[in-house]
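The values are calculated or read from the model by the stated rules, or taken from the named source; none is laboratory data. Since this is a predicted model, take the numbers as computed values, not measurements. Here Cβ is always computed from backbone atoms with ideal geometry, including for glycine, and neighbour counts include all displayed protein chains. Heavy atoms of the whole protein, side chains included, go into the accessibility calculation; ligands, DNA and RNA do not. Shrake-Rupley method; radii C 1.70, N 1.55, O 1.52, S 1.80 Å.
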Amino acid sequence: MSLTHTPEPQDWLIENPNLVDAWGPVHTETVAQDLEVIGELPADLNGMYVRNGPSPAHAPHGRYHWFDGDGMLHSVRFQDGRATYRNRWVQTDGLKEDLRVGDALWPGLKERLPQGALPDDAMKNTSNTDVTFHNGKLYSMWYRGGTVYTIDPISLETLGKLEQDPRLIGLQISAHSRVDEHTGEFMFFAYGNRPPYMHYGVIGPDGALKTFMPVELPGPRLPHDCAITPNYTILHDFPLINSPEALARGRYSLEFHQDWPTRFAVIPRNGSADQIRWYEFKPRYMLHVANAWEEVNDKGETELVMLGTPYVNPRGFDGGLDVQRLLFTIGTQGTDYELYQWRMNLTTGATKEGIVDDILNSEFPMINTAYQGRKNRYTYNVLMGRMRTLEQPAFAGLVKYDLDTGGAQAFHPGEGYWFSEAPFAPRDGATEEDDGYVVGFVWNGIANRSEVWVTDAKDIAKGPIAKVILPQRVPHGFHSCWVREDQLKAAQVA
Ligand SMILES: [Fe+2]
């Protein structure tokens with residue numbers, strides 16, 4: 001079966017490095033079963049890998065940025081040693097309006113905002129950034145914050161919006177809002193350019209909004225992720241902001257304030273705004289959290305620990321929002337992404353922070369989600385390679401960190417490959433934290449095709465034990481999740 005919604009892209013692809021080769025969009029929504037496999041898919045790998053990313057449906061007006069494209073989900077379902085691929089656009093309000101008119105109506109990130117429009121409202125919510133599974137549905141989310149679209153996990157059909165409660169309407173819910181699979185709660189944060197600049201809330205396993213509060217910030221900020229533990233949620237205020245002067249001129253321009261602290265808000269999970277406590281740290285910016293947990297020290301005091309991949313202000317970063325330039329700057333400097341840890345003592349207010357690893361350059365940390373909010377031992381990150389040219393940034397391989405021993409095991413297949421964020425997939429009947437596989441798309445630039453690589457999580461260095469050959473290219477994209485077979489079956493029954 002195959003559906004084509006818009007004409008195949010032609011001349012509008014040329015001359016933009018984010019629209020050619022493996023960056024370029026695909027315009028066919030398709031399903032392909034019994035895919036060719038190099039190696040052997042393990043029989044105890046059952047469930048679904050799904051990843052979000054940009055695939056612009058129409059020619060952009062003006063300059064195109066990688067973050068601008070319409071969100072498309074690509075899934076690979078594994079059942080009894082066989083694999084099925086499916087892809088579908090998220091049917092956002094913006095995409096539907098573009099399709100109705102037959103043109104791209106919204107300006108991209110690099111273009112001037114429409115006159116008089118607040119940046120909150122001026123851009124199309126493409127829903128292209130993140131995907132997670134909650135209450136039997138996939139949630140597709142956007143990095144700038146907006147409506148969360150709900151998606152059928154089997155068909156990838158867009159079902160609607162996560163706005164049953166009137167307090168959620170118009171709220172800019174961010175990518176990287178997080179699910180606690182032990183309680184079935186969805187912890188979300190929303191941010192924008194108007195006071196109080198941030199909100200936090202919890203949606204329960206029954207779908208009802210059980211907690212909702214303002215989180216007052218000193219001004220508009222660019223938080224990207226959050227962290228959860230069983231009792232607390234940690235929200236971020238980093239000293240990297242959109243320049244207010246640029247915003248007033250209808251532009252975006254990043255400013256990093258070396259003299260401002262990093263601030264984290266600690267909120268009792270289902271508490272209230274008057275219970276928020278702030279902790280200050282050295283200036284950093286971080287896109288992605290690996291995990292957070294609670295520890296009780298020998299004095300009986302509770303400490304929150306958060307682990308992630310921040311970077312210090314890259315030298316030579318010109319403040320522009322050209323992602324390739326940013327990645328190039330980081331990639332050529334090699335060590336600017338650090339695996340890093342922050343500690344917050346909830347009894348004394350004391351803080352501590354430090355580098356876990358500043359040798360390997362890695363990002364897109366993934367864990368066994370059963371350990372989300374609980375002390376875990378392993379994270380699986382994408383290895384960021386050294387880039388030789390601006391046009392060839394490199395998501396070069398995978399690394400598994402052992403937080404107990406301080407060790408790391410990495411795999412890099414050589415030049416010509418581009419990895420996607422690769423979630424952990426537990427093996428059927430798994431008992432140990434790393435008893436399973438790491439599953440992710442790889443652009444194979446040597447064979448000019450997209451593949452899914454399945455790696456034994458206990459032996460990353462061995463490389464993939466199976467490579468699934470995909471029927472069409474999967475453009476470079478962003479975030480992903482693993483949905484277990486029992487979750488899919490329950491969703492199907494419901
Ligand atoms: Fe992200």
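How far, in nm, would the chain grow between Val101 and Ala461 when pulled straight, counting 0.36 nm per residue and subtracting the alpha carbon separation?
On the way: separation 360, 0.36 × 360 = 129.60 nm, distance 4.98 nm.
Contour length minus the Cα-Cα distance gives 124.6 nm.
How big is the charge dipole of the chain about its Cα centre, in debye rounded to the nearest 20, if each Lys and Arg gets +1 on its Cβ and each Asp and Glu gets -1 on its Cβ?
580 debye
Can you tell me the alpha carbon radius of gyration of the chain divided by the globular rule-of-thumb value 2.2 N^0.38 Å? Write down the numbers at each step before the final one.
Details: Rg = 21.3 Å, N = 494, 2.2 N^0.38 = 23.2 Å.
Relative to the rule-of-thumb radius for its length, the chain sits at 0.91.
If contacts are Cα pairs under 8 angstrom and at least 6 residues apart, what is the relative contact order of the range 169-291 in percent? Intermediate values should be presented prior to the final figure.
Values: 270 pairs, mean separation 23.7, N = 123.
Value for the range 169-291: 19 percent.
How big is the gap, in Å, between the Cα center of the range 72-104 and the Cα center of the range 273-306?
37 Å
Could you give me the percent of Cα pairs per 5 Å distance bin for the range 14-151, shortest bin first, beginning at zero and ending with the bin that holds the maximum distance?
2, 10, 17, 20, 18, 13, 9, 6, 3, 2, 1, 0
Let me have the relative contact order for the range 95-175, percent, based on Cα pairs under 8 Å that are six or more residues apart. Walk me through the intermediate numbers first.
Details: 123 pairs, mean separation 16.3, N = 81.
For the range 95-175, the relative contact order is 20 percent.
With the other protein chains left in place, how much accessible area per residue, in square angstrom, belongs to the chain at a 1.4 angstrom probe?
Numbers: 19160 Å² over 494 residues.
That works out to 39 Å² for each residue.
Stretch Ala248-Ala447 to full length: gain in nm at 0.36 nm per residue minus the Cα-Cα span? Kindly include the intermediate steps, with their values, before the conclusion.
Values: separation 199, 0.36 × 199 = 71.64 nm, distance 4.73 nm.
Going from the current span to full extension adds 66.9 nm.
Per residue of the chain, what 222 nm ellipticity follows from adding -39500 (n - 2.57) for every DSSP H run with n ≥ 4, rounded to the nearest 500?
Numbers: 5 runs with 38 residues, N = 494.
About -2000 deg cm²/dmol.
Work out, step by step, the length gained on full extension between Ser155 and Asp486: first 0.36 nm times the residue separation, then minus their alpha carbon distance; give nm to one decimal.
Details: separation 331, 0.36 × 331 = 119.16 nm, distance 1.66 nm.
Going from the current span to full extension adds 117.5 nm.
Per q in 0.15, 0.17 1/Å, what log10 I(q)/I(0) does a Debye calculation on the alpha-carbon atoms of the range 201-315 return?
Those come out to -0.77, -0.95, one per q.
Using bins 5 angstrom wide from zero, how does P(r) for the range 79-198 break down, in % of all Cα pairs?
In order of increasing distance, the bins hold 2, 10, 18, 21, 20, 13, 8, 4, 2, 1, 0, 0 percent.
If you roll a 1.4 Å probe over the chain with all protein chains in place, what percent of the accessible area is carbon or sulfur?
On the chain, the fraction of accessible area on carbon and sulfur atoms equals 48 percent.
Given a Förster radius of 60 Å and the C-beta distance between Arg63 and Lys352 as r, what FRET efficiency does 1/(1 + (r/R0)^6) yield to the nearest 0.05? List each step's numbers first, then the result.
On the way: r = 43 Å, r/R0 = 0.72.
Computed FRET efficiency for Arg63 and Lys352: 0.90.
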